[in-house]
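Worksheet: the structure to be examined is printed underneath.
The values are calculated or read from the model by the stated rules, or taken from the named source; none is laboratory data. Everything numeric here is computed off the predicted structure, so don't read it as measured data. All Cβ positions, glycine included, derive from the backbone under ideal geometry; neighbour counts span all protein chains shown. Calculation scope for accessible area: heavy atoms of the full protein, side chains included, ligands and nucleic acids excluded. Shrake-Rupley method; radii C 1.70, N 1.55, O 1.52, S 1.80 Å.
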Amino acid sequence: MKAINISRILIVLQVLLASGYGAARLNPSNNPNRNHDGNDIDRSVSRRSQTVSTPCLSSFEYRVEGSMCNISSLTSAVSNGLAEHFPNCEHGVEHEIQLLFPGPGGADGALSAACETAEKLISVTDTLPFHSVLGKHPLFIKEFFDGGTYWNQEVVTDDAPQTKTSITTDPGILIEHLMSSVAKTKPLALPEGSNFESCSLDTIVCCYVADKTFNQELISNTDVCYHDLRASPGSNHVKMGYAIFDKPGDLDGATCTGFTWTNDNFLSKLFRGNTLLSISLYDSLIKEGHTRNVPGAPMCACAEQMPVIEKADCQQVTGKSGMTFKYSLAEGLNVAFDWSEIQFEACKNLEEELDLVEYFSVTTNTSKEKRLTKHIVGADQCHSATTKFLYSEGLQRLDFQ
């Protein structure tokens, strides 16, 4: 028997180890259950991560009180869904919402689309045209909101007391009926025509300069500063020009009121036409007898089309309202609105009555508030506002004592 060369075997083994042969067997890092140090890996962490990445809710349906179709309302619905069906869900409601809506727009995008779809559905199935409930042609309604038609022009005098009866009957009886029935149950669309198109400030204002009942003088709540005729060509049919009213005797006062809405408050948005009906026809015409427009301006229109004034009263829509959020993996998020006991009342915040600019500042963003205050400038600001406007037109104002 030949003798074994031990030194040659050792050399071969060293060569094999250097070339990596058998490294998989000798290196503990290639063991799927051990780390580089040879210690066991805790697989429970990975299993927990996979659980957290899956939403607890595969579907839910929950109604939330209120009229604000926003992320706060959706959070309330998801929170109640978790409490009812998955009280032991390992993650919180905010993370659940992220898992339910993983798309590019996230929960905000899904909610915005669902709210918009709900509004469009109501506009098709439930909303009534403004002119149809009044039994008038759209052009008659347009003319009325520009300050015309016999609804505005008939004036009660000692020689014509029958006009009061006529106003009470037409359109009085119809308006009284609408305000106690349809206006509180069915949304009305804003009237057709230029007055209410493209309200970028989400605000409508009505201003009156005459009173048609019992020879009474109009009770003014504001001064009118000026009107840029370019703001309302659809009403005055003038391409350019302006009218200045801020000197004593130019215009014996006016009374103005308005309302505003926000996109996430479905009640204020859906019932814009109803609020306009309440302000312009019920309160102003039938109850108070207010008529006629500021010369060169509409009587009622988007705030941007109206004359610059110092102040406006404010009206809001209130009532019981709610949203039902329904979600499933197959259909995504859907929203349905409901409402009852609709009322129209002075704008308030914590029981404090507010004018239009004050209420606007509570309900909308700062940039829009700054834009609105260019149209409603504040008490005793007419002179300053008019002077600035004239300067923008290349004119310097000279005030003689």
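Evaluated at q = 0.12, 0.13, 0.17 Å⁻¹, a Debye calculation over the C-alpha positions of the stretch 174-329 (equal weights, vacuum) places log10 I(q)/I(0) at -0.55, -0.64, -1.02. What area, in nm² and to one decimal, does the C-alpha convex hull of the stretch 238-322 cast on average over all directions? About 7.2 nm², averaged over all directions. Extension gain for Ser200 to Glu358 (0.36 nm times residue separation, less C-alpha to C-alpha distance): 55.1 nm. Under 5 Å from the amide H of Asp202 lies no amide H of any residue 5 or more positions distant or on a separate chain, with H modelled from the backbone and absent for Pro and chain starts. Please compute, over every Cα-Cα pair in the stretch 57-127, the percentage with a separation greater than 16 angstrom. Tail of P(r) above 16 Å: 53 percent of Cα pairs.
So if we plug the beta-carbon distance of His177 and His237 into 1/(1 + (r/R0)^6) with R0 = 51 Å, what FRET efficiency do we get, rounded to 0.05? Plugging the Cβ-Cβ distance into 1/(1 + (r/R0)^6) gives 0.90. Rolling a 1.4 Å probe over the protein heavy atoms of the stretch 285-348, with every protein chain left in place, gives an accessible area that is 44 percent carbon and sulfur. Report, in debye and to the nearest 20, how large the dipole of the stretch 334-379 comes out about its Cα centre when Lys and Arg carry +1 and Asp and Glu carry -1 on their Cβ. The dipole of the stretch 334-379 has a size of about 500 debye. Put one equal scatterer on each alpha carbon of the stretch 250-400, apply the Debye formula with no solvent term, and list log10 I(q)/I(0) at q = 0.08, 0.11, 0.19 1/Å to two decimals. Cα-only, vacuum Debye calculation for the stretch 250-400: -0.31, -0.55, -1.27. Applying both filters, DSSP loop and at most 14 other Cβ atoms within 10 Å, to the GluC sites (Glu not before Pro) of the stretch 336-379 gives Glu351.
Converting phi to 3J(HN,Hα) with the Karplus coefficients 6.51, -1.76 and 1.60 and the offset θ = phi - 60°, the stretch 255-269 yields 10, 10, 8, x, 8, 9, 9, 10, 5, 8, 9, 5, 5, 5, 7 Hz in sequence order, with x at every glycine or proline.
Assuming charge only on the beta carbon of Lys and Arg (+1) and of Asp and Glu (-1), the dipole of the stretch 216-338 about its Cα centre is about 380 debye to the nearest 20. Nearest 0.05, what FRET efficiency do Leu350 and Thr324 give at R0 = 30 Å with Cβ-Cβ as r? With R0 = 30 Å, the Cβ-Cβ based efficiency is 0.60.
Pairs spanning more than 28 Å between alpha-carbon atoms, out of Lys247/Lys311; Lys120/Lys239; Lys120/Lys311: Lys120/Lys239; Lys120/Lys311. Would you work out if the stretch 186-244 is rounded, prolate or oblate? Take a ≥ b ≥ c from the square roots of the eigenvalues of the alpha-carbon gyration tensor; rounded if a/c is under 1.5, else prolate when a/b is larger than b/c, oblate otherwise. Oblate, since a/c reaches 1.5 and b/c is not below a/b.
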